[in-house]
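*Asks:* One structure coming up, written as structure tokens, with questions to follow.
The values are calculated or read from the model by the stated rules, or taken from the named source; none is laboratory data. Just so it is clear, the model here is predicted, and its values are computed rather than measured. Note that we place each Cβ from the backbone using ideal geometry, even for glycine, and neighbour counts take in every protein chain shown. Accessible surface areas use protein heavy atoms only, side chains included; no ligands, DNA or RNA. Shrake-Rupley method; radii C 1.70, N 1.55, O 1.52, S 1.80 Å.
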Amino acid sequence: MMLKLVGIAVAAAVGGVAFAAPALAQNEQFIPALVYRTGAYAPNGVPFANGIADYYKLVNARDNGINGVKIVTEECEFGYATDRGVECYERLKKNGPTGAAYVIPLSTGVTFALTEKTTTDKIPIISMGYGRSESRDGSVFQWNFPLLGTYWTASDIIVQHIAKKEVGLDKLKGKKIALVYHDSPYGKEPIALLTERAKLHGFETMFLPVTHPGVEQKATWLQIRQNRPDYVLLWGWGVMNSTSIKEAVAVGYARDKMYGVWWSGAEPDVRPAEAGATGYNAVTLQHTAGQFKLHEDLKKHVYDKNQGSAKWDETGEILYVRGLINAMLGVEAIRTAQARFGNKPMTGEQVRWGLENLNISAQRITQLGFDGVMKPIKVSCADHEGARTGRIQTWDGKNWKITSDWYESDDKVIAPMVKDAAAKYAAEKKIAPGCLTN
Amino acid sequence: MLGPVLETLIGGLLTGVLYALVALGFVLIFKASGVFNFAQGAMVLFAALSVARLSEMMPLVVAVALSVVIMIVLAYAIEFLVLRRLVNQEGIILFMATLGIAYFLEGFGETVWGSNIYKINLGIPKEPMFFFESVFPGGLLIDREEVAAAVGCAVLVAALAIFFQVTRVGRALRAVADDHQAAQSVGIPLNTIWLIVWAVSGIVAIAAGMVWGSKLGVQFSISLVALKALPVLILGGLTSIPGAIVGGLIIGAGEKLAEVLLGPLLVRWFDLAGGGIENWFAYMLALVFLLFRPQGLFGERIIERI
């Protein structure tokens, strides 16, 4: 402990030098990193940020960058506060020889706030598994890329899984499904899909908001106890998730009737509840926990050289793996753009093209070391989501275990909703829908 | 209907006790030094982090004892580095100083102890108890952890009451609370008294931190629980220990009943978009009290003759 304190004092003394932004050479690709390593959401923000940072380090160390272009990144701490997130973006967007390649906000609130700004700045937003669900329509949301899944996809997969358990969508009639959600744009996203599905199948919905940061949920769970819903969907983040599971234990609500979104299905969400979390489920953003092929390279090129951001044992955790995937998709988008524009640092506009033409096949996934972690993804102007599949995982008290087959969200339900919501947004913001060619 | 209402009321009252535990720390320091200690929430977080991280390396009892030492050292540091230099300054200056302490403690605590969610296991079973199952369908639910916390809180309040009323130090604390300069003029060592009261407040923070930490897991959000103590203080008065308890109970019960009974009605009647009301309802309740009784339920009425 003493050593740690001395270390902190020394770090504070030399911090100005140690953390000063490096001078950027012309053959470097700058990628900003909006992170939250402190504050109420840090337990979830830290592993994700570590996964992203380590993937960039790996690409630089193993491949000498992306086709010879080194990645340079700078973290900006925003504590999951939307205003500070926007500040970070503004501060970093012009760094590097070509400005920010893309931005990963890891916050639906910041994604909402940046949606208009990035259009002007010509910097794409990668909101993998979050953001506006209708932003998958690339003709309206030309700069937003909610890759691998939106909240409508997530909630649809959960409804499909519940229907399978009940042996048919028609068996949902008369059932009661509650949504316990973070009272923010993020938490409210699945309401539209659940309302639509409720109309189609005749189940009853119950929406229960929890205010930030989500540590006070007693009244919410007393309502659940009193109304006895058949299933509870959890749309939380940070400490709200573990508090929900603990409160479910406190009111005796069965954990195997609970389904979290992929942001409510990581280790920090279940571990604090200890044995109480056993049986709790969450939909996956394709992947679950565990190390895989890529980790051999990570160990050799990053961790064995003491360059790792996390502890080695933590590199198989869900949010760390998600950070790796997110960074990989960004790097592959830059690589795709380079194939067209040349092996040099890409502008945000060029990376946007790369994202819109991203096509990662099963073979390429194997080459990249992500075999068994994710499925192929193909993005287009009409579909900025690129893939909408997921599975259900269940916490067995020690580990996450996949407990279902693959599901794909039902586009017969979602596509018309996307079309309507995107058209409404376009009318509101006076956007003429259309695909960008460059 | 009676069952759910009763259950909510009991749950609210028990949560109120937990709020009171945090409010108690504010009251102690305000009574003795006239300082509104904005850092109380951060102290709760720091104390909880100390107990949680130390208990990973040693038995819980030893971790708590060591945390008491840490909080006393912290109290000394605050007294020596901050308060001593601000004696007889305006209240707002002292308040601003505690604001600085709060941010420092939060950041420093996370830097030293880490920002994950840590566990404090008090060994209390998490499963609920059910009573009167033959009277109410499903019975009346009581949270064991909250009952244990309420008992702990009662013991702590009794100990503090004895300390304040019976002991020599307690009387000196009250004298300092009435008038710093007058107390100094009769030989009461102001610095020592402040050190004692901050240390006692630190120990109360350990109790609050352990209870909240066991309930929520120990992480940054615990410091935000202090915000829930503010309406309790408005209601109960800044200078009254019984006020903190009664205020906590009213706020706890009021906000839970409002969320469960009033919230759905408001949404239905006014076709609102929804949203948890318990957070702002507590402040509204406190505000209404403030309009009619500015000194709070048990606070001392301030009369100044011109």
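*Asks:* Of the options B:Phe104, B:Val69, B:Gly25, report the single residue whose Cα projects farthest towards the positive end of the charge dipole of segment B:2-226 (beta-carbon charges: Lys, Arg +1; Asp, Glu -1).
*Replies:* B:Val69
*Asks:* Now, a different point. Would you please put A:238-246, A:382-390, A:422-430, B:147-155 in order of how densely packed they are, using the mean number of other Cβ atoms within 10 angstrom per residue and starting with the highest?
*Replies:* Highest mean packing first, the order is A:238-246, A:382-390, B:147-155, A:422-430.
*Asks:* Computing the accessible area with a 1.4 Å probe over protein heavy atoms, can you report the carbon and sulfur percentage for chain B?
*Replies:* Accessible surface attributable to carbon and sulfur in chain B totals 70 percent.
*Asks:* On to the next question. Can you compute the modelled spin-label distance between A:Lys173 and B:Leu287, with each label point 7 Å from Cα toward Cβ, in nm?
*Replies:* 4.8
*Asks:* Between segment A:163-222 and segment B:223-263, what is the separation of their alpha carbon centroids in Å?
*Replies:* Each part reduced to its Cα centre gives a spacing of 30 Å.
*Asks:* Report the Cα centroid-to-centroid distance between segment B:71-128 and segment A:386-424 in angstrom, as an integer.
*Replies:* 43
*Asks:* Put simply, what bits of segment B:97-127 lose 50 Å² or more of accessible area when the other protein chains are there, versus the chain on its own (1.4 Å probe)?
*Replies:* Hits at the 50 Å² cut-off: B:Val112, B:Ser115, B:Ile117, B:Lys119.
*Asks:* On to the next question. Please give the per residue accessible area of the protein assembly as shown, computed with a probe of 1.4 Å over protein heavy atoms only, in Å².
*Replies:* 40
*Asks:* In a GNM of chain A with a 10 Å cut-off on Cα contacts, which of A:Val72, A:Val321, A:Val167 has the highest mean-square fluctuation?
*Replies:* Among A:Val72, A:Val321, A:Val167, the largest GNM mean-square fluctuation belongs to A:Val167.
*Asks:* Can you return the aspartates and glutamates within cross-link range of A:Lys117? Criterion is Cα-Cα under 15 Å, with same-chain partners fewer than 8 residues away left out.
*Replies:* Cα-Cα hits under 15 Å: A:Asp83, A:Glu87, A:Glu90, A:Glu349.
*Asks:* Segment A:246-271: which residues show an accessible-area loss of 40 Å² or more, assembly versus chain alone, 1.4 Å probe?
*Replies:* Correct list: A:Lys246, A:Val249, A:Ala250.
*Asks:* Once you've got the GNM for chain A with C-alpha springs shorter than 10 Å, pick whichever of A:Gly131, A:Gly45, A:Gly290 has the biggest mean-square fluctuation.
*Replies:* A:Gly290
*Asks:* In the neighborhood of A:Glu267, defined by Cβ-to-Cβ distances under 9 Å, what is the net charge if each Lys or Arg adds +1 and each Asp or Glu adds -1?
*Replies:* Spelling it out: positives minus negatives among the neighbours equals -2.
*Asks:* Can you list the lysines whose alpha carbon sits under 22 Å from that of A:Lys199, skipping same-chain ones fewer than 8 residues off?
*Replies:* A:Lys164, A:Lys165, A:Lys171, A:Lys173, A:Lys175, A:Lys176, A:Lys188, A:Lys257, A:Lys412, A:Lys419, A:Lys424
*Asks:* What does the buried accessible surface come to for A and B, summed over both chains, with the probe at 1.4 Å? Round to 100 Å².
*Replies:* Roughly 3400 Å² of accessible surface disappears when A and B pair.
*Asks:* Hey, another quick one. At 20 °C and 1.002 mPa s, grab the translational diffusion coefficient of the protein assembly as shown from Stokes-Einstein with a Kirkwood Rh over Cα pairs, rounded to a whole number in µm² per second.
*Replies:* Using the Kirkwood radius from Cα pairs, D works out to 78 µm²/s.
*Asks:* Mind checking which of B:Ala65, B:Ala20, B:Ala286 has the largest fluctuation in a GNM of chain B, springs on alpha carbons under 10 Å?
*Replies:* Fluctuation is largest for B:Ala65.
*Asks:* Still on this structure: Between A:Ser361 and B:Val186, take the C-beta separation as r, use R0 = 60 Å, and let me know the FRET efficiency to the nearest 0.05.
*Replies:* Computed FRET efficiency for A:Ser361 and B:Val186: 0.10.
*Asks:* While we're here: Where the accessible area of chain A is counted over protein heavy atoms with a 1.4 Å probe, how much of it, in %, is carbon and sulfur?
*Replies:* Taking all protein chains in place, chain A shows 53 percent carbon and sulfur surface.
*Asks:* Could I ask something else about it? Taking the Cβ of B:Ala172 as the center, what net charge do the other residues with Cβ under 14 Å away carry, scoring Lys and Arg +1 and Asp and Glu -1?
*Replies:* In short, +2.
*Asks:* Ratio of alpha-carbon Rg to the 2.2 N^0.38 Å globular estimate for chain B, to two decimals, please.
*Replies:* Chain B yields a ratio of 1.04.
*Asks:* Suppose every K and R has +1 on its Cβ and every D and E has -1 on its Cβ; what is the size of the dipole of segment A:151-284 about the Cα centre, in Debye to the nearest 20?
*Replies:* The calculated dipole for segment A:151-284 is roughly 400 debye.
*Asks:* Another question about this same structure. Local charge sum around A:Val283 (other residues, Cβ-Cβ under 11 Å, Lys/Arg +1, Asp/Glu -1)?
*Replies:* 0
*Asks:* Right, next: For chain A, what is the charge dipole size about the Cα centre, in debye to the nearest 20, if Lys and Arg each add +1 at the Cβ and Asp and Glu each add -1 at the Cβ?
*Replies:* Here the size comes out at about 220 debye.
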